[in-house]
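Following: one structure in structure tokens, then a few remarks.
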Amino acid sequence: MTRVIGVISGKGGVGKTTVVANLGAIFAQKYKKDVVIVDCNVSTSHLGLYLGMYYTPITLNQVLTGDAEIEEAMYEYHVSGLRVIPSSLSYSDLKGVDIARLKSTIKKLFGKVDIVLLDGAPGLGREALATVRASDEVLLINTPFVPSTMDIMKCHQVATEIGAKPLGVILNMVGKEKYEMTPKEVEELIELPVISNIPMDKNVLRSLALKMPVVLFSPGSRSSKEFSKLAAHLLEEKYEPDGWVYNLMKLFRPKSKK
Ligand SMILES: Nc1ncnc2c1ncn2[C@@H]1O[C@H](COP(=O)(O)OP(=O)(O)O)[C@@H](O)[C@H]1O
Ligand SMILES: [Mg+2]
């Protein structure tokens, strides 16, 4: 069965694209899942940029105008086999794009892949709601601050109304500062569990400059470990730490007697 998970938020800049790129990479590389990540933020698309994919002659835009099939807009990113459907970087390619076609477009992937991750547009406008409508489940991306949390409350309500199952809140860019909201405070306001706390980590910005997900660039970093834990949680797998420190430790671990 194909899982379609929308990654959404009310506020922009909270980490949706980062979460999509990193979860996609872990699902594909570590769990050997057949994964497609889709840039559904067609008006201000970033997913392709985050992965260094600048030359993509066919994009989601042409699929949404009816000029291409979804398979034609799919590109392999990495040896792991992660596949990406980018949106166009060109303003002129927005002409004729019908975002209402997103749901039927994504449906064409049903039964063909294991997981589809949708990188949503922020807010509650047409573009953002199209992602919720195309999703069976949603991840709500938040930061530990009041404004984004208030917006997430609305996203939760909208997702419930549309019938997309909220999987929980991901608190991103957590600094554990006194002025930040705690996960408990967020949970009480939104009435959903906080399923991941991803730290504010410079490695995420370094990885962006190198155009690769932090989980591939720096698997041992604090943010990568949290992304790995989150991926295991979403797949209902046991979390196994990775990264070079862990692999080194494994080499020296005494072998168990049979
Ligand atoms: N955990 C993090 N630590 C540091 N920087 C982050 C983290 N998560 C995201 N960022 C940075 O924040 C910016 C916005 O993230 P992005 O994923 O584009 O948000 P959105 O898709 O919600 O607009 C990017 O520059 C990204 O590299
Ligand atoms: Mg984004």
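The values are calculated or read from the model by the stated rules, or taken from the named source; none is laboratory data. The structure presented is a predicted model; accordingly, all values stated were derived computationally and were not measured. Neighbour counts run over all protein chains shown; Cβ positions are idealised from the backbone, glycine included. To get the accessible areas, we keep the full protein, side chains included, count just its heavy atoms, and leave off ligands, DNA and RNA. Shrake-Rupley method; radii C 1.70, N 1.55, O 1.52, S 1.80 Å.
Being at pLDDT 95 or above and within 24 Å of Met1 (Cβ to Cβ) narrows it down to one residue among Val186, Val132, Val146; which is it? Give the steps one after another, and end with the answer.
Numbers: Val186 fails: within 24 Å of Met1 (Cβ to Cβ); Val146 fails: within 24 Å of Met1 (Cβ to Cβ).
Checking each option against the conditions leaves just Val132.
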Working only within region 1-14, note down all residues that are crowded, with 23+ Cβ neighbours inside 10 Å and over 22 Å from Lys108 (Cα atoms).
Ser9, Gly10, Val14
Starting from residues that are under 21 Å from Asn142 (Cβ atoms) and open to solvent by 50 Å² or more (accessible area, probe 1.4 Å), keep the ones in region 96-131 and report whichever is farthest from ligand 2 (Cβ to nearest atom).
Leu124
Among Ile70, Ile106, the single one that is of a type in the set (Val, Ile, Thr), within 16 Å of the chain's Cα centre (by Cα) and either more than 15 Å from ligand 1 (Cβ to nearest atom) or farther than 21 Å from Leu208 by Cα (or both) is Ile106
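Could you please find all residues in region 19-51 being more than 14 Å from ligand 1 (Cβ to nearest atom) and either more than 12 Å from the chain's Cα centre (by Cα) or among the polar types (S, T, N, Q) (or both)? Spell out how you get there, then give the answer.
At the first step, the residues of region 19-51 found to be more than 14 Å from ligand 1 (Cβ to nearest atom) are 26-36.
Those that are more than 14 Å from ligand 1 (Cβ to nearest atom) and either more than 12 Å from the chain's Cα centre (by Cα) or among the polar types (S, T, N, Q) (or both): Ala28, Gln29, Lys30, Tyr31, Lys32, Lys33, Asp34.
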Of the residues that make up region 212-219, is at least one within 16 Å of ligand 2 (Cβ to nearest atom), within 23 Å of Ser148 (Cβ to Cβ) and touching a helix residue (DSSP H, G or I) at 6+ places or on another chain (Cβ under 9 Å)?
yes
Would you mention how many residues in region 5-22 are under 14 Å from Leu167 (Cα atoms), touching a helix residue (DSSP H, G or I) at 6+ places or on another chain (Cβ under 6 Å) and among the aliphatic types (A, V, I, L, M)?
2
Starting from region 124-135, keep only residues that are closer than 11 Å to Val158 by Cβ, then list their pairs with residues that are open to solvent by 10 Å² or more (accessible area, probe 1.4 Å) and basic (Lys, Arg) whose Cβ atoms are within a distance under 9 Å, requiring at least 6 positions of separation or different chains.
Leu124/Lys154; Arg133/Lys103
Looking only at region 136-152, filter to residues that are touching a residue at least 40 places away in the same chain (Cβ under 8 Å) and open to solvent by 10 Å² or more (accessible area, probe 1.4 Å); which one of those is nearest to the chain's Cα centre (by Cα)?
Glu137
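For the structure I just gave you, tell me whether Thr56 is more than 12 Å from ligand 1 (Cβ to nearest atom) and over 11 Å from the mean Cα position of the chain (by Cα). It would help to see each step written out before you state the result.
On the way: more than 12 Å from ligand 1 (Cβ to nearest atom): yes; over 11 Å from the mean Cα position of the chain (by Cα): yes.
Yes: the conditions hold for Thr56.
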Find the residue count for region 20-71, including only residues that are buried (at least 23 other Cβ atoms within 10 Å of the Cβ), more than 15 Å from ligand 2 (Cβ to nearest atom) and closer than 15 Å to Leu234 by Cβ.
5
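Among the residues of region 80-92, are any open to solvent by 50 Å² or more (accessible area, probe 1.4 Å) and touching a strand residue (DSSP E or B) at 6+ places or on another chain (Cβ under 9 Å)? Can you show your working first?
Step one: list which residues in region 80-92 are open to solvent by 50 Å² or more (accessible area, probe 1.4 Å), which gives 83, 89, 91-92.
Next, only the ones that are touching a strand residue (DSSP E or B) at 6+ places or on another chain (Cβ under 9 Å) stay: 83.
Within region 80-92 (the criterion being open to solvent by 50 Å² or more (accessible area, probe 1.4 Å) and touching a strand residue (DSSP E or B) at 6+ places or on another chain (Cβ under 9 Å)), the answer is yes, since at least one residue qualifies.
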It is to be established whether one or more residues within region 125-135 are away from ligand 1 (no atom under 15 Å from the Cβ) and either in contact with a His (Cβ under 8 Å, 6 or more places away or on another chain) or farther than 22 Å from Val97 by Cα (or both).
no
Of all residues in region 165-205 being near ligand 1 (Cβ under 9 Å from one of its atoms) and more than 11 Å from Thr143 (Cα to Cα), the one that is most open to solvent (accessible area, probe 1.4 Å):
Lys202
